[in-house]
Amino acid sequence: MRQIFIWLMGVFAPVMVLGQHYAVNSKTIAWDQTTLKQVGSGNGNYARMIQLSNGNLFCVYESAGGVECITSNDLGKSWQPPVIIARPVPGVNMAVPEILELKDHSLLASYNPRPHKVNGDWDTTKHFAICTKKSYDKGKTWRDERLIYEAQYNFDDGCWEPSQIQLPSGEIQLFFSNEGVYTKSNEQNISIFRSKDNGLGWTKRPEIVSFRPGHRDGMPVPIILKGKNEIVFSIEDNAGATFKPSIIRNSIGQNWKKTVGPDDAERTYALTHKLQDTVCRRALFKAAAQWRNGIILPKHT
């Protein structure tokens, strides 16, 4: 059974050095293992954490088929009791939550209802979906749930991994992986929904922002580059035999007016050194915010 562990040392980053202390240079972070602390319940996983504008640490994660959150007001030394954001329903787990503090300081959580087989069969009335829910009191209570999108009922035609950003204009863009429109193939695209009222109302149809025909763009992780007037998101891209990270970008002026295809300049290979085709690197996540010197360190597995 997987457990939630948060490494707290003032900076959150994806590079782990086990059991030792190292001097770090300007492009590397080492984890201080003396700060290891378990938070949340024993059956939690897929944790995502941000620091709120009031300084609190705020973590969302899966737990017992639902989604919970937990807060620390002393930089991780202690944690308040968990609060349930979304409960499971029979035949459906609530999965892969993401969290964003909006400009009005409300919190917007997104998550992915995922049906599962019951007694060996799919329930065709229950669909893979993308949902959001809001908190106006720093995560103590949650309301204004929205069902933004439904894909198909079966695993091969689902939707996955929501992640959201808010533009300087106030528009929220929620990115997700979508294979629900490809019921006759194994393809998948990256789509977005938009909200201009802090997550209460959303556009009705998904806009495809990234697609490589015959392949599976997946697991988008968006960020707005500081000082660049540019939106970028990382994906797992199986252009070759295995998945590798790619970067998709648009200026805020472009704002996804057209889909980024396989050969467009807005799609670039993410790694400095090209990996062998047999090496797989996927499941990206921005474990750290953009550094002051402009460096972003994504995590991948």
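The values are calculated or read from the model by the stated rules, or taken from the named source; none is laboratory data. Predicted model, so just to flag it, every value in this text is computed and none were measured. No Cβ is skipped: glycine too gets one built from the backbone with ideal geometry, and neighbour counts run over all protein chains shown. Side chains are part of the model used for accessible areas, which takes the heavy atoms of the whole protein and leaves out ligands, DNA and RNA. Shrake-Rupley method; radii C 1.70, N 1.55, O 1.52, S 1.80 Å.
Among the residues of the stretch 167-195, which ones are touching a helix residue (DSSP H, G or I) at 6+ places or on another chain (Cβ under 6 Å) and open to solvent by 60 Å² or more (accessible area, probe 1.4 Å)?
Selection gives Thr183 alone.
Would a scan of the stretch 227-245 turn up a residue that is on the phi > 0 side of the Ramachandran plot and out of contact with any strand residue (DSSP E or B) (no Cβ under 9 Å at 6 or more places or on another chain)?
yes
Give the residue that is most open to solvent (accessible area, probe 1.4 Å), with candidates limited to residues of the stretch 196-216 that are of a type in the set (A, V, I, L, M, F, W, C) and under 18 Å from the mean Cα position of the chain (by Cα).
Ile208
Among (1) out of contact with any Lys or Arg (no Cβ under 8 Å at 6 or more places or on another chain); (2) closer than 26 Å to Cys131 by Cβ, where does Lys257 come up short?
Failed condition: (2).
Return the residues of the stretch 32-41 that are of a type outside the set (D, E, K, R), more than 26 Å from Pro113 (Cα to Cα) and surrounded by 14 or more Cβ atoms within 10 Å (Cβ to Cβ); say none if nothing qualifies.
Within the stretch 32-41, just Gln33 meets the criteria.
Any idea which of (1) in a strand (DSSP E or B); (2) free of Cβ contacts under 8 Å to residues at least 40 places away in the same chain; (3) among the hydrophobic types (A, V, I, L, M, F, W, C) is the one Phe176 doesn't satisfy?
(2)
Go over the candidates Gln164, Gln254 one by one and state the one that is open to solvent by 20 Å² or more (accessible area, probe 1.4 Å) and of a type outside the set (A, V, I, L, M, F, W, C).
That would be Gln254, the only listed residue that is open to solvent by 20 Å² or more (accessible area, probe 1.4 Å) and of a type outside the set (A, V, I, L, M, F, W, C).
Please pick out the residue among Ser191, Ser185 that is among the hydroxyl-bearing types (Ser, Thr, Tyr), out of contact with any Cys (no Cβ under 7 Å at 6 or more places or on another chain) and not in a loop (DSSP other than H, G, I, E, B).
Ser191
Criterion first (in a loop (DSSP other than H, G, I, E, B), surrounded by fewer than 18 Cβ atoms within 10 Å (Cβ to Cβ) and of a type in the set (D, E, K, R)) does Asp137 satisfy it?
Criteria met by Asp137.
Of the residues that make up the stretch 259-278, is at least one open to solvent by less than 50 Å² (accessible area, probe 1.4 Å), at pLDDT 95 or above and within 23 Å of Gly170 (Cβ to Cβ)?
No, the conditions are met nowhere in the stretch 259-278.
May I ask you to verify whether Ser251 is among the hydroxyl-bearing types (Ser, Thr, Tyr), modelled with pLDDT of 90 or more and within 23 Å of Lys184 (Cα to Cα)?
So Ser251 fails the test.
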